[in-house]
Amino acid sequence: MRACRMLVPETFSPRRAPECLVALAGSPPVPVAAAAVSWVAGGFPFQVHVAPPWRRRGIGRALVDAVATWVAGETDRLRSWSLVPEDGAAPAFLQALGFNVERRFIGYEAQSWRIAETIASLRGWLDRKGRIPAELQVVSLPDAPQQQVVRLAATELSVMPAALAARIAAQDTSGFSRELSVVLMLAGKVCGAILISRRQEMARVEVNVVAPEYRHGWANIVLLDESIRRGMTGGISRFRFFTDEKTRDTVNLGKRTGASVTGTGLLYERRLAPS
């Protein structure tokens, strides 16, 4: 497991390790590659890494095939652990192993005041129309029922619950900003959350989730408005966010605010044959 942590460190979180397979080679045998898997609903995320001297020998393919055999009957698909940069070498490797692009995400960066102007205008219109529930509560992340936040995000976004819970609980730079992250509540239940990390004057939206019954309306606008207001008060000058290219509202927000495109990321998946 120590070798796995060195080969696939991004799959480990505080007090939580993934399931791992290891490839051994040499004499005496030593770990030269590792595959990490998380057993969660919605498809098992996996990550594989082969040490540079051992690449192009079929080890990565062997590990992925071993993972597929190992999890057979437990899930109907494998998916990439995180977004894969579109311009890197990983897409060709994954496609050669039978993975297909499931979703494509676009990264944006915009000045805070540009987003604030646009969102404030939209929220003002919602207020005038009486669209925002009077009983709505907007609370900071530390004051919200965090298990509900994890459950909502894990259900709607297929994120890994343990890793998300660890980051929510963290009180250092590895976690989410406790000042900027905002949760919406109605009748004691979480109906939306926006989780943000901060690096100096830059804020990065990492999770933006709304319960299905509140989508395409006031909930997302209120989340953005509250977090941006807090960010500007706290000295945030720029916001970064990723969105599915099919999410028109967020793509249009990027265009309306003059946001620059920071890159694209792909979510890959491989369907598994029924056992």
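Only the coordinates and a few stated rules stand behind these numbers; no lab work does. Computed from a predicted model, the values in this text were never measured in an experiment. Glycine gets a Cβ as well: all are built from the backbone with ideal geometry, and neighbour counts include every protein chain shown.
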Taking alpha-carbon centroids only, the stretch 1-71 lies from the stretch 72-136 a number of Å equal to 27 Å
Among rounded, prolate and oblate, which fits the stretch 105-266 when a ≥ b ≥ c are the square roots of the eigenvalues of its C-alpha gyration tensor, a/c under 1.5 means rounded, and a/b larger than b/c means prolate? rounded
Which residue, chosen from Val159, Ala169, Gln137, occupies the Cα position most advanced towards the positive end of the dipole of the stretch 107-194, where the dipole is computed from +1 (Lys, Arg) and -1 (Asp, Glu) charges on Cβ about the Cα centre? Gln137
As I understand it, the dipole of the chain uses +1 on the Cβ of Lys and Arg and -1 on the Cβ of Asp and Glu, about the Cα centre. Which of Gly235, Ala211, Trp39 lies farthest toward its positive end? Gly235
Charge tally for neighbours of Gly107 with beta carbon under 10 Å away, counting Lys, Arg as +1 and Asp, Glu as -1, is +1
Residues other than Val84 with Cβ under 12 Å of its Cβ, Lys/Arg counted +1 and Asp/Glu -1, net out at -1
Which residues' amide hydrogens lie under 5 Å from the amide hydrogen of Glu19, considering only partners 5 or more residues apart or on another chain, with H built in the peptide plane? Val37, Trp39
Using the Karplus curve 6.51 cos²θ - 1.76 cosθ + 1.60 with θ = phi - 60°, what ³J(HN,Hα) values do you get for each residue of the stretch 5-18, in whole Hz, with x for Gly and Pro? 4, 6, 7, 10, x, 5, 8, 9, 10, x, 6, 8, 10, x
Net charge of Cβ neighbours under 11 Å - reference Ala36; Lys, Arg +1; Asp, Glu -1: -1
Give me the distance between the Cα centres of the stretch 205-236 and the stretch 184-200, rounded to whole Å. 8 Å
Under the Karplus relation 6.51 cos²θ - 1.76 cosθ + 1.60, θ = phi - 60°, what is the ordered set of whole-Hz ³J(HN,Hα) values for the stretch 94-110, x standing for Gly and Pro? 5, 5, 5, 9, x, 8, 10, 5, 8, 8, 10, 10, 10, x, 10, 9, 9
Looking only at aspartates and glutamates whose Cα falls under 13 Å of Lys129's and that sit 8 or more positions away or on another chain, we get none
Those cysteines in the chain that have no second cysteine Cβ within a distance under 4.7 Å are Cys191
Of the beta bridges DSSP finds with both residues in the stretch 2-82, what % are antiparallel, to the nearest 5? 75 percent
Near Lys255, which lysines are there with a Cα under 16 Å away, not counting those fewer than 8 places off in the same chain? Lys246
Relative contact order (percent, whole number), the chain, Cα cutoff 8 Å, 6+ residue spacing: 26 percent
Choose one answer from Ser121, Ser112, Ser181: the residue with the largest mean-square fluctuation in a GNM of the chain with alpha-carbon springs under 10 Å. Ser121
Please compute the alpha carbon radius of gyration of the stretch 2-82, then divide it by the globular-protein estimate 2.2 N^0.38 Å. Two decimals is fine. 1.08
Note on the stretch 2-82: contact order normalised by length, alpha-carbon pairs under 8 Å, 6 or more apart, percent, works out to 27 percent
Could you tell me the relative contact order of the stretch 105-266? Use alpha-carbon pairs under 8 Å, at least six residues apart, and round to a whole percent. 38 percent
How much mean residue ellipticity at 222 nm does the chain get from its helices, if each DSSP H run of length 4 or more adds -39500 (n - 2.57) and you divide by all residues, to the nearest 500 deg cm²/dmol? -9500 deg cm²/dmol
For the residues Leu136, Leu164, Leu78, what sequence is obtained by ranking on other C-beta atoms within 10 Å, fewest first? Leu136, Leu164, Leu78
Sites Trp125 and Ala66, calculated FRET efficiency, Cβ-Cβ separation with R0 41 Å, nearest 0.05: 0.15
Bridge orientation stat for the chain from DSSP, antiparallel percent rounded to 5, came to 85 percent
